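Below is one structure, written out as structure tokens, with a few remarks after it.
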Amino acid sequence: MANQTKDPAELYREERKKRLEKSAKAAARKKNGNSKLKKTLGRIFGTVVSVVVICAMLFGVLEFFGVPEKVITSFKVDGERYTVAEYSYYYVTVFRNLVNQSYSYDSSYGTGYGKMFTGYDYTLTPSQQTYTDNSDEENPVTMTYAEYISDQVLRTVEEIHYYLKKAKAAGTVLSDENQKAIDEAMDSFAQEAASSNYSTSRYLEMQFGKGLSARTVRKLLNNQYLVTQYLDDYSKDLEAQVSEEEIESMYDEQKDTYDQVDIRLFGFSKSTGSEEATDGSSEGDSDDKLALANAMLEEISDEESFKTAAVKYAAEADKDTYSEDSNTLLRGIQKSTVSSNISEDAAEWLFEEARQAGDKTVVETDDYVFVVYLTAPRYRDETNRVNVRHILISFDGEDKIIDEYEQMILNGEIDEEDVISVPTTEEASVEEVTDEYGQIVEPTTEFELNDDIKAAKYAIAEQLLAVYNHGDEDGNSTEELFATLADKYSDDTGSVSSDDNTSSSTGGLYNSVAKGQVVQPFEDWCYDESRQPGDTGIIESTYGYHVMYFISKNDEPDWKMTIRSSIADSKSESENDSVKEEFENTAVKGALFGWGYKKTSGMVEDYAKQIIANLASSSQ
């Protein structure tokens, strides 16, 4: 039987969401050094008693300024020393990544999913929860997350150190894009520091721990980006080396993974009392639904008759919805999607080699009785997908004031007669209505689109396009400028940055847009044969107005790109596994490693408690 099923409209949105999501991979990979501290203390203990108070006072002054963290070695890798300050930077970074990932899952899918997928519970501090390392199944090791984070710092730095040497040996040079990313990160730190009346180094110490200077952070960022670029370049080289024969071979072995079908789908819900049947009566039992589905099936001979039947059999409140073509049409869906969202039986039926266009069937699941009509049997999509950015000005979104446009007017860069007038939705609202007693009747809260609202929204889209065409401070209309405007003004929250402007910023980006994946006007613009990189425009859809930016068309069909990348990733992972022994467990802890761990983990415990308190306060 089926897994939990969704109605056709939900399935359409789910398929669209899955295709647009880009997953990213995160990589993070104890050998105690012999301390000389005890021997040293043994030799000098008798001579230091008289000055111990003075030394303690001096150490306290130095510690206030972070001097010990700057100079004390936390650990070494291949003879290169890493200070306590640098250890603290990595520790805080690993911690923040854990919190952000866990919180992101909870925000997207619901409470508890963060811990389920990441193992980390952001409502507890690192020392209040444990991690179990099962790499050795016979001897699993359980530790606190504070200890786990510390261990991850060593494993991460080992790997960075190893590939940094590789990068330098290969002559890898930071790209302008990566160098700019580093500069922008440092500029951001400096701006945040200035807004709080701190020096940049003092601000960084507050964020990552004492002793960390701006120069050190830039060095660490430079190393991280250089390693990332080396691995990216290496991955691209591996992808270029994948042969057509390898690609075809993997496709033949995994056709069910890469083939697609196009279908029309209509579902009769088995839930009782939630909808009305076609005749207006309350819903009957599942036998009635099966009978209705079979009756509908008999009326279907082609796509037009399917659409007509869908409207006929839809509940009264849904008839307008089902009159829209997209609410029964699913294009480019894969077997795994059908299996997880409809049923395994439906997936097997649809992907049979003998299946032909026009085949139809009824599929019963725990929650629905589906009518399925096959419009295109299994095929390999040979379309080269496109990459675009857009800014959505939704019809029912809040009115916007485009700051840059206002500034262009103030600067005299736009002639008065060319100023685009933006009527507000208030101007388009209905007139006051009073009842028989002369009391004002509150207008309905239900959104009703009208020409005035559309005019207002289109004017905002025009303003944004005008700002883009005006260019950046150098007068250039760049993709980066468009992305910045998208993050600031787009109503499509799924394709822009989060509210806290974290690294999740995507600038309205949609990668590898497939036909059937987006609304028709969006698709038509993207796949216009005349489309060229850098093209812009404004289109209208049921969602609102889209200010469009065309990036590129992929060089290969998506299935081929996916297989090529998969083969290259497999080779890369295999090679990485083979060289792990060259860098794993090469970190040697210094004599005062424990002191640095205690200082840093304690700071992060306080930081975690503050996060927990803030979350608790915001939920009230």
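The values are calculated or read from the model by the stated rules, or taken from the named source; none is laboratory data. Because the structure is predicted, anything quoted here is derived from the model rather than measured. Backbone-built Cβ (ideal geometry, glycine too); neighbour counts: all protein chains shown. Surface areas here come from the heavy atoms of the whole protein model, side chains and all, with no ligands, DNA or RNA. Shrake-Rupley method; radii C 1.70, N 1.55, O 1.52, S 1.80 Å.
Could you order Glu159, Glu348, Glu398, Glu299 so the one with the most accessible surface comes first? Probe is 1.4 Å. The partial results should precede the final answer.
Values: Glu159 25, Glu348 105, Glu398 155, Glu299 75 Å².
The most accessible residue leads, giving Glu398, Glu348, Glu299, Glu159.
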Roughly how many Å² of Lys589 are accessible to a 1.4 Å probe, to the nearest 10? 40
Of the accessible area of region 134-197, with the probe set at 1.4 angstrom, what percent is carbon plus sulfur? 45
So how far apart, in nm, are the two label points at Glu248 and Ser578 if each is 7 Å from Cα heading toward Cβ? 2.7
Under 5 Å from the placed amide H of Ser541, counting only residues 5+ away or on other chains, we find His546
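Hey, if we sort Ser175, Ser88, Ser336 by accessible area with the 1.4 Å probe, largest down, what's the order? Please list the in-between numbers first.
On the way: Ser175 40, Ser88 5, Ser336 75 Å².
Final ranking, largest accessible area leading: Ser336, Ser175, Ser88.
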In region 570-620, with Lys and Arg counted as +1 and Asp and Glu as -1 at Cβ, which of these residues, Ala587, Asn576, Met603, has the Cα nearest the positive end of the dipole, that is, farthest along it? Met603
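Of the heavy-atom accessible surface of region 547-589 (probe 1.4 angstrom), what whole percent is carbon and sulfur?
On the way: 810 of 2100 Å².
Percent of accessible area from carbon and sulfur atoms in region 547-589: 39.
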For the pair Thr383/Glu298, report the inter-label distance in nm, with labels modelled 7 Å from Cα in the Cβ direction. 3.7
Solvent-accessible area of Asp403, probe 1.4 Å, all protein chains present, reported in Å² to the nearest ten, please. 80
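Given Cα pairs under 8 Å that are at least 6 residues apart, what percent is the relative contact order of region 119-185? Numbers along the way, then the final one.
Numbers: 30 pairs, mean separation 13.0, N = 67.
Reported as a whole number, the value is 19 percent.
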Residue by residue through region 554-571, the couplings from Karplus 6.51 cos²θ - 1.76 cosθ + 1.60 with θ = phi - 60°, in Hz, x for Gly and Pro, are 4, 6, 9, x, 4, 4, 6, 4, 5, 5, 4, 5, 5, 5, 5, 4, 4, 5
If you add up the charges near Val217, with Lys and Arg at +1 and Asp and Glu at -1, over every other residue whose beta carbon is less than 11 angstrom from its beta carbon, what do you get? +1
Might you work out the accessible area of Glu353 for me, using a 1.4 Å probe with all protein chains in place, and round it to the nearest 10 Å²? 140
From the square roots a ≥ b ≥ c of the eigenvalues of the alpha-carbon gyration tensor of region 103-202, which class results: rounded (a/c under 1.5), prolate (a/b over b/c), or oblate? oblate
In sequence order, calculated HN-Hα J values of region 471-478 (Karplus, 6.51, -1.76, 1.60; Hz; x Gly/Pro): x, 7, 5, 9, x, 9, 8, 9
Over the residues of region 550-620, compute the C-alpha Rg and express it relative to 2.2 N^0.38 Å. 2.07
For Ser336 and Lys180, what is the calculated FRET efficiency with R₀ set at 45 Å and r taken between the beta-carbons, to the nearest 0.05? 0.70
Given contacts defined as C-alpha pairs under 8 Å and at least six residues apart, what's the relative contact order of region 153-270, whole-number percent? 28
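Rounded, prolate or oblate: pick one for region 472-607, where a ≥ b ≥ c are the square roots of the eigenvalues of its C-alpha gyration tensor, a/c under 1.5 means rounded, and failing that, prolate if a/b is larger than b/c, else oblate. Spell out each step's value before the answer.
Working: a/c = 2.99, a/b = 1.67, b/c = 1.79.
Since a/c reaches 1.5 but b/c is at least a/b, the shape of region 472-607 is classed as oblate.
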